[in-house]
1. So, with +1 on the Cβ of K and R and -1 on the Cβ of D and E, and no other charges, what is the size of the charge dipole of the chain about its Cα centre, to the nearest 20 debye?
2. With respect to the cross-link table entries K54/K117; K57/K114; K20/K65; K117/K145; K54/K145, which display a Cα-Cα separation exceeding 18 Å?
3. Under the 0.36 nm per residue contour assumption, what length would be gained going from the current alpha-carbon distance of Y146 and E133 to full extension?
4. Report the label-to-label distance for R17 and S104 in nanometres (one decimal), using points 7 Å from each Cα along the Cα→Cβ vector.
5. Give the calculated FRET efficiency between E75 and E42 to the nearest 0.05, with a Förster radius of 35 Å applied to their Cβ-Cβ distance.
6. Would you give the gap between the C-alpha center of the stretch 7-49 and the C-alpha center of the stretch 51-95, rounded to a whole Å?
7. When D11, D97 are ordered from fewest to most other Cβ atoms inside 10 Å of their Cβ, what list results?
8. Going by amide H atoms built from the backbone, whose H comes under 5 Å of the H on F61, apart from near neighbours?
Amino acid sequence: MKCPFCGFLEDKVVDSRESKEGDSIRRRRECLECGRRFTSYERIDEIPYMVVKKDGKRATFERNKILAGLLRACEKRPISAAQLEAIVDEVEKAVQDSPDRELSTNDIGKIIMKRLKALDKVSYVRFASVYLEFEDVSEFMTELKYLVRSRGEKNKKTKKKEI
């Protein structure tokens with residue numbers, strides 16, 4: 001390792017310690033030329049998690065982008081930050097569990113829509129309108145009718161149980 005003070009290429013390790021998080025090793029080194037000490041950190045070079053977009057391009061997975069989309073869809077709705085974090089956690093786990101360390105935006109969208117549909121219908125429709133890229137009002141209305149129908153069936157089952 002090159003000494004940051006004199007540029008000499010040889011040193012000796014004086015002390016090695018694992019970081020508190022356990023993700024790196026801190027090494028105290030002493031330059032064999034000038035005798036000054038410096039610290040180096042050793043980390044595993046990780047392969048980033050990837051997202052495969054609709055056009056086939058790959059981008060790094062970013063939690064904040066998913067959270068930002070959810071915040072927009074859930075704006076002024078009775079959904080807590082903890083519930084949104086749980087959705088993002090589920091998506092991140094799906095990417096991490098993927099054998100190729102990547103997931104398509106289509107799969108990510110399905111996970112989010114499934115969770116939002118169970119959590120809040122208005123947020124679901126807001127998210128779906130962007131994610132499903134409705135071309136016109138009729139496509140939007142078709143999705144709304146489907147939601148209303150499924151809600152009606154759920155209410156019928158609940159009423160039968162009450163009787």
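Where a number appears in this text, it was derived from the coordinates with a stated rule and is not lab data. Here the structure is a predicted model, which means the values were calculated and not measured. Every residue, glycine among them, receives a Cβ derived from its backbone with ideal geometry; neighbour counts consider all protein chains shown.
1. On the way: 37 positive and 30 negative charges, 209 e Å.
With only Lys, Arg, Asp and Glu charged at Cβ, the dipole is about 1000 debye.
2. Numbers: K54/K117 23 Å; K57/K114 25 Å; K20/K65 29 Å; K117/K145 14 Å; K54/K145 27 Å.
In this structure, K54/K117; K57/K114; K20/K65; K54/K145 lie more than 18 Å apart at Cα.
3. Difference between extended and current length: 3.0 nm.
4. 4.9 nm
5. Numbers: r = 44 Å, r/R0 = 1.25.
The computed FRET efficiency comes out at 0.20.
6. Centre-to-centre distance over Cα atoms comes out at 36 Å.
7. Details: D11 20, D97 9.
Arranged by neighbour count, lowest to highest, D11, D97 become D97, D11.
8. Y49, M50, V51
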